[in-house]
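Below is one structure; the comments refer to it alone.
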Amino acid sequence: MSERLRQLPPIHQLQQSDEFALFLKAHSVSFEKGSEILKESVAHIRDGVLNGTWEGPFPDEAGFLESIYKQASLIHQRKYSLSLQRIINASGTILHTNLGRARMGHEVLQHVVMAAGSYTNLEYNLEKGSRGSRHEHAERFICEITGAEAAMVVNNNAAAVFLILSALAKDKEVIVSRSELVEIGGSFRVSSIMEESGAKLVEVGTTNKTHLHDYHDSITEETSMIMKVHQSNFFIKGFTSSVGTDMLSRLANDHERIIYYEDLGSGALYDFSRHGIGKEPLVKNVMDKGADLVSFSGDKLLGGPQAGIIAGKRELIDRLKKHQLARVLRVDKMTLAALEMTMIHYLKGEVEKIPSIYGIIRTLDEIKCQSQSFIGELKQADVSYQLELSEGVSQVGGGTMPDVELPTFMVTIKHPHLTEHELHEKLRLHEPAVMSRIHENRLILDLRAVTNEEQEELLKVLCEIDLESKHQR
Ligand SMILES: *Cc1c(COP(=O)(O)O)cnc(C)c1O
């Protein structure tokens, strides 16, 4: 083995070769960077030969030089390829948590690009010519839409909950119903975040039933807050009972020092129930019923960027803005830009420009038409797929509206030489990647969250996979 390794060409010799010059040119890297990669490549091969994992030609065999550059290209690719990749979401889940929840529309993106690439009045008051506050940008719109006196924006809703508890309930008692001690996305637990914040959790009621007197009887001198948490990602059926916003806010109001706070989770600004979809409370209604504070995510049902929005009484919001954590949890200008443009869409009543909302409220007819034209185009492309259209359901996702099933049309797609799992994998590993869904041993494409441009790409991807499978046979 060591004899074979002695045949490894020294780096300085490789650096002088024409192959190396070609490598530098092909990958447009400098001599120094290229040399680093070259050394890594040779070291990788040396280690592989020593521990028996190297599968390429040995240093004394034909084709060895080529394999050095092949390996170097792989290293180069790994080093400089971006990690975030685009995905065409044909899974039928609109706010897919693993796929980054909400995507944003064209006008929002334009505004984000402006904010990212320019200087802005992020913390400058142009009228007065003096220092301004970044809190002002989205606040006006949030207040207008929710009816709140004041608002602020933090990094996400988990941060909002943490800030509110830390700033307003540290070392004090917070009353929460046992049925609302939820865990969201495997990393956010109401009980843990409360402990972390220094607030003392007082659990009341049972898993299925909590009554007003349960809250009432738990109020002590130490109580600073009654908190209601939206049961975002689950629902309980059967004999259940919970206390509504109006009653809880009245109970809190009877005690001057007690704040009534609702963690709304997804926080709908648009009334989906007018399309017969879900029973999600509107943020505005919760404010109207007397909540002192609410918080919700920017990228769930709202359809904007990742953010946590806090709205409520001015006096409380002012205290939150002055807290040290506000700086720790603050958002950047791109988030604020995305959020304010999304809010403008709400204010103008053009919610169909918000892709997640559009995805949720699209009609069955529209999806049927889209799926039929997709099937038609694919059939014309002379490919070996078998296609079938059938009714099914899509999901809202993102831990929101778990009991809502959106009727949809699904395209079942079969390939004569690929199992559903093989096709699923090929779609996933393609560029752009495609998320499909396996349902009852069939591969399903749900075009609900697929745009027209993406649909054209999806057709191309399917043609390429078909061609590949022909070559491989
Ligand atoms: C989703 C959710 C959170 C966490 O919000 P993020 O924006 O994901 O941080 C907190 N509370 C509830 C009730 C939720 O549904």
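The values are calculated or read from the model by the stated rules, or taken from the named source; none is laboratory data. Predicted model only: the values in this text are computed from it and were never measured. Here the Cβ positions follow ideal geometry from the backbone for every residue, glycine too, while neighbour counts run over all protein chains shown. We work out accessible area using only protein heavy atoms, side chains counted, and drop any ligands, DNA or RNA first. Shrake-Rupley method; radii C 1.70, N 1.55, O 1.52, S 1.80 Å.
Of note, Phe31 does not satisfy the criterion of being of a type in the set (A, V, I, L, M, F, W, C) and surrounded by 15 or more Cβ atoms within 10 Å (Cβ to Cβ).
Restricting attention to segment 353-389 and to residues that are of a type in the set (S, T, N, Q) and open to solvent by 30 Å² or more (accessible area, probe 1.4 Å), the residue that is nearest to Lys300 (Cα to Cα) turns out to be Thr363. Any chance segment 414-436 includes a residue that's of a type in the set (Val, Ile, Thr), more than 28 Å from Leu82 (Cβ to Cβ), away from the ligand (no atom under 16 Å from the Cβ) and touching a residue at least 12 places away in the same chain (Cβ under 8 Å)? Within segment 414-436, none of the residues are of a type in the set (Val, Ile, Thr), more than 28 Å from Leu82 (Cβ to Cβ), away from the ligand (no atom under 16 Å from the Cβ) and touching a residue at least 12 places away in the same chain (Cβ under 8 Å).
Residue-wise test of (1) under 21 Å from the mean Cα position of the chain (by Cα); (2) at pLDDT below 95.
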site: Thr412; (1), (2): no, no
site: Ile438; (1), (2): no, no
site: Ala449; (1), (2): yes, no
site: Glu454; (1), (2): yes, no
site: Glu457; (1), (2): no, no
site: Val461; (1), (2): no, no
site: Lys470; (1), (2): no, yes
site: Arg473; (1), (2): no, yes
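Filtering segment 122-167 to residues that are within 16 Å of the ligand (Cβ to nearest atom), in contact with a Phe, Trp or Tyr (Cβ under 9 Å, 6 or more places away or on another chain) and in a helix (DSSP H, G or I) leaves Asn157, Ala158, Ala160, Val161, Ile164, Leu165.
Filtered by the rule that a residue be assigned to a loop (DSSP other than H, G, I, E, B) and under 16 Å from Leu387 (Cα atoms), segment 418-473 gives Thr419, Ser436, Glu440, Asn441.
Flag: Glu55 matches the condition of being farther than 19 Å from Arg78 by Cα and acidic (Asp, Glu).
Would you check which residues across segment 231-268 are touching a Gly at 6+ places or on another chain (Cβ under 6 Å), open to solvent by less than 20 Å² (accessible area, probe 1.4 Å) and within 16 Å of the ligand (Cβ to nearest atom) and list them? If you could, list the steps in order and put the result at the bottom.
So the first thing to find is which residues in segment 231-268 are touching a Gly at 6+ places or on another chain (Cβ under 6 Å), and the list is 232-233, 249.
Those still in the list that are open to solvent by less than 20 Å² (accessible area, probe 1.4 Å) too: 232, 249.
Across segment 231-268, the qualifying residue is only Ser232.
Inside segment 291-333, residues that are of a type outside the set (A, V, I, L, M, F, W, C) and either closer than 18 Å to Tyr346 by Cα or within 11 Å of the ligand (Cβ to nearest atom) (or both) make up a count of 10.
For segment 168-196, taking the residues that are open to solvent by less than 10 Å² (accessible area, probe 1.4 Å) and not in a helix (DSSP H, G or I), the one that is nearest to Lys348 (Cα to Cα) is identified as Val182. Of the residues Lys25, Lys39, the single one that is open to solvent by 40 Å² or more (accessible area, probe 1.4 Å), free of Cβ contacts under 8 Å to residues at least 24 places away in the same chain and farther than 20 Å from Gly63 by Cβ is Lys25. Taking (1) surrounded by 14 or more Cβ atoms within 10 Å (Cβ to Cβ); (2) free of Cβ contacts under 8 Å to residues at least 40 places away in the same chain; (3) closer than 21 Å to Arg140 by Cβ in turn, Glu350 satisfies each apart from (1).
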